[in-house]
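For reference, the structure discussed in these notes is given below.
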Amino acid sequence: MKLGEPYPILAQLTHSPLLDEIGVVLALLLLVVGLALHLYLPRHRMAVEERIKDNKMTPAEARRQIRFYALCAPTVTLLGVALVILVIYDLAQ
């Protein structure tokens, strides 16, 4: 093998059916985690409001936590959907 030539092992690994299956599982896992975050968001918001009432959490910390969930839930869900579409498109070829 000469310097600068692609590695044949790496080329074989990128077209492995095992990696396709792992990609499908990871994409579906991201999708499920995103949906779970969406479903948990109202409960989390209520729990945070209760912690504020009990003086266990500051309003600033509560806003940060609510903002984090509100940002992460759609981001993870959209990333999961995009990966599922990408994997299905790749498997269809």
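The values are calculated or read from the model by the stated rules, or taken from the named source; none is laboratory data. Here the structure is a predicted model, which is why all the values come from computation and not from measurement. Virtual Cβ from ideal backbone geometry, glycine too; neighbours counted across all protein chains shown.
For (1) assigned to a loop (DSSP other than H, G, I, E, B); (2) of a type outside the set (A, V, I, L, M); (3) out of contact with any Asp or Glu (no Cβ under 7 Å at 6 or more places or on another chain), each residue gets a yes or a no:
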position	(1), (2), (3)
Leu37	no, no, yes
Glu49	no, yes, yes
Lys56	yes, yes, yes
Ala60	no, no, yes
Arg63	no, yes, yes
Ile66	no, no, yes
Leu79	no, no, yes
Ile85	no, no, yes
Tyr89	no, yes, yes
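For the stretch 30-64, a tally of residues being within 18 Å of the chain's Cα centre (by Cα) and without any contact (Cβ under 8 Å) to a residue 24 or more places away in the chain returns 2. Scoring Leu83 on the criteria (1) modelled with pLDDT under 90; (2) surrounded by fewer than 15 Cβ atoms within 10 Å (Cβ to Cβ) leaves a single failure, condition (2). Criterion first (within 15 Å of the chain's Cα centre (by Cα) and among the β-branched types (Val, Ile, Thr)) does Val84 satisfy it? So Val84 passes the test.
Matching residues to (1) surrounded by 13 or more Cβ atoms within 10 Å (Cβ to Cβ); (2) closer than 15 Å to Leu28 by Cα; (3) charged (D, E, K, R):
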{"position": "Pro42", "(1), (2), (3)": "no, no, no"}
{"position": "Ala47", "(1), (2), (3)": "yes, no, no"}
{"position": "Glu50", "(1), (2), (3)": "no, no, yes"}
{"position": "Asn55", "(1), (2), (3)": "no, no, no"}
{"position": "Ala60", "(1), (2), (3)": "no, no, no"}
{"position": "Arg67", "(1), (2), (3)": "no, no, yes"}
{"position": "Leu78", "(1), (2), (3)": "yes, yes, no"}
{"position": "Tyr89", "(1), (2), (3)": "no, yes, no"}
